[in-house]
Amino acid sequence: MALAPDNAPWYRRFRMLLIVYLLGLVFGGREFLMARSGSQVDPGSEEWSRMAEVIAELNPADADTDFLVAMEALQEGDEARYIEFMESALAKGVKHNNLLLAEYAHHLIRIQAPFENIDIALNTWRKNHQLSFEIVTLPLGQGPSSTQDYDAIRRELDALDWIYKWEFQEPSAESPQWVLFFQFEPAREAVIREVIEAISILGLPPEARSRLRVRCTSWNDCQSQTR
């Protein structure tokens with residue numbers, strides 16, 4: 001990257017420093033206000049739009065700008081624009097923005113994208129933030145309805161050496177469906193298909209779970225096989 005000449009205006013010579021400082025100020029201030037007032041600056045809100053405008057003016061070609069615009073588009077229900085700007089950010093080789101990498105992986109899970117696309121997103125996130133303890137959230141169509149069901153899923157998930165920890169969240173008024181939370185081992189490749197197969201063991205009769213397993217080629221194409 002070319003350096004600014006010595007006679008360049010101060011704001012050009014320290015442009016990157018200013019951008020980093022502004023991002024820290026914006027997100028740090030946001031966290032402080034949330035802690036003080038219990039409120040949240042949501043994508044799509046007036047506050048978020050102003051933040052995106054300021055950062056876009058300072059550095060319109062930056063991946064962080066694409067991320068802010070993408071999140072605003074998602075909140076407004078414009079999925080095509082969301083994908084456009086998220087993919088634009090990722091195409092720039094973004095590595096530092098943990099929120100961006102995590103959000104894109106979760107979005108692909110939410111829309112049930114092809115397994116290989118989700119794996120790429122998860123592993124890009126994992127490789128660039130190996131010390132992060134962020135949790136992957138997987139909404140489920142059904143969860144364990146008995147101790148027998150829970151034990152069956154536990155056996156399947158515990159056999160996946162790339163998963164570090166996992167737990168279920170039961171349906172509630174705030175979240176009306178089952179959710180699986182899990183963390184992955186930094187040194188191992190994430191394979192989302194294996195999680196879907198582990199959860200799909202509930203589709204087999206209890207008496208057959210010890211001799212059969214589930215293999216999936218997509219979210220909607222899973223078949224039982226002999227172990």
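In the set (1) among the small types (Gly, Ala, Ser); (2) farther than 28 Å from Leu90 by Cα; (3) free of Cβ contacts under 8 Å to residues at least 24 places away in the same chain; (4) part of a helix (DSSP H, G or I), the condition left unmet by Ala121 is number (2). Checked against (1) crowded, with 20+ Cβ neighbours inside 10 Å; (2) closer than 26 Å to Gln177 by Cα, Ala70 meets all criteria but (2). Scanning region 158-214 for residues that are buried (at least 19 other Cβ atoms within 10 Å of the Cβ), closer than 16 Å to Ser145 by Cα and touching an Asp or Glu at 6+ places or on another chain (Cβ under 7 Å) yields Ala198, Ile201, Leu202. Of all the listed residues (Ile153, Ile163, Ile201, Ile196), the sole one being at pLDDT below 95 and β-branched (Val, Ile, Thr) is Ile163. The condition (being assigned by TED's automatic domain parsing to the domain that holds Arg213, modelled with pLDDT under 90, under 15 Å from the mean Cα position of the chain (by Cα) and closer than 21 Å to Ala198 by Cα) is satisfied by just one residue among Ile118, Ile135: Ile135.
For region 132-153, the set of residues classified as farther than 21 Å from Ile109 by Cα, without any contact (Cβ under 8 Å) to a residue 40 or more places away in the chain and touching a Pro at 6+ places or on another chain (Cβ under 9 Å) consists of Ser146, Tyr150, Asp151, listed by residue number. Region 173-227 holds strands (runs of 3 or more DSSP E) entirely within its bounds, and those carrying 2 or more residues that are of a type in the set (D, E, K, R) map to 212-218.
The values are calculated or read from the model by the stated rules, or taken from the named source; none is laboratory data. None of these values were measured; they are calculated from a predicted model. FYI the Cβ positions are ideal-geometry reconstructions off the backbone, even for glycines, and counts take in every protein chain you see.
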